Amino acid sequence: MWQEYAPQGLVLLSLTDESEKVVAGALERYKIDMPEFPIGFASRSKNAYGVSGIPSAFLLNYDGEIVWQGPPGGNEWVRMLPGLLQEAKDAGPNWDPGARPDDFSKAVAFAKDGKMRNAVSAAERLRKSDAANVDQFIADMKDCANRRLAQGVNMANAHKPQQAINYLERQIDSFKGTGFESEMLAEVKRIKSDSKLKALISLDKKRLAAIDNLRKGNREKAIKSLKSIKKKAKGTPFEDVMDTWIAFLVKQVEG
């Protein structure tokens, strides 16, 4: 599993409260090769993650949200990997078209740099000599844009309107001039004008700011902000977001 998905972006981290000496001795005693992924020794994350038994596993998406937890021996989390890895690839404003004919190198380079309009122009210059591959390149770019639009819609539907706006605006800037950004623009407009979502945008904006503070190590400021958001979110659809995401973070930083 590790060998299959690591090239696609999967990162594995093993955490233990044992010392490096104890772990190294056990690996040597049972003739187990050291894994290729990192091990965190003397970890204090057990309480923060609410671990009651071992082994326990947590699957996080590209944005650091826990999307699954349970015993690592099952296949449930493995089945989730292809979709989550695709979401991670689509998280940024750039696009990797994968293997293409050699003369598409400029179009591929522009796409990897997030300059989709330039990528289309570079591909179109090859139309007379290779129309089929140009059409495929454009179609694949459109599929990428549609996946990212759907991801933004899913964020909004999950009561994360500001996160959806931020995500879609990054994509709009990247796809500007291709025509594929028009539906994204319409979705951002819909989110901002939706009365139910509009009331949650300010709360979600504060949630993202609090998470940013956590990542920067400003724990006291983040905790204060998170508790304030939890209180204001009571009775709103945003309360579910707080229960599954913010509540965990509060527990983590206080644990």
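Each Lys and Arg contributes +1 and each Asp and Glu -1, all at the Cβ; summed about the Cα centre of the chain, the dipole is approximately 1300 debye. In the structure shown, the pairs LYS176/LYS234; LYS192/LYS231; LYS176/LYS198; LYS189/LYS232 are assessed against 30 Å; a Cα-Cα span above that value is assigned to LYS176/LYS234. The alpha-carbon of LYS142 sits under 12 angstrom from the alpha-carbons of these aspartates and glutamates, leaving out residues fewer than 8 places away in its chain: GLU181, GLU183.
Ordering LEU203, LEU10 by the number of other Cβ atoms within 10 Å of each residue's own Cβ, fewest first, gives LEU10, LEU203. Shape verdict for the chain, please, from the Cα gyration tensor: rounded (a/c under 1.5), prolate (a/b greater than b/c) or oblate. Taking the square roots of the gyration eigenvalues as a ≥ b ≥ c, the chain is oblate.
Note on LEU126, LEU149: ascending count of other Cβ atoms within 10 Å places them as LEU126, LEU149, the fewest first. Cross-link partners of LYS206 among aspartates and glutamates, defined as those whose alpha carbon lies under 14 angstrom from its own and excluding same-chain residues fewer than eight positions apart: GLU239. Of the residues TYR30, TYR5, the one with the fewest other Cβ atoms within 10 Å heads the list, and the complete ranking is TYR30, TYR5.
Within the chain, the selection of entire DSSP H helices by a Cα span of 30 Å or greater along the long axis and an average Kyte-Doolittle value of at least -1.0 returns 127-157, 195-216.
With Cα atoms as the point set, the stretch 99-230 shows a radius of gyration and Dmax of 19.0, 62 Å.
Only the coordinates and a few stated rules stand behind these numbers; no lab work does. It should be emphasised that the depicted structure is a prediction, and the values quoted were computed from it without experimental measurement. Counting neighbours? That spans all protein chains shown, and the Cβs are built from the backbone with ideal geometry, glycine included.
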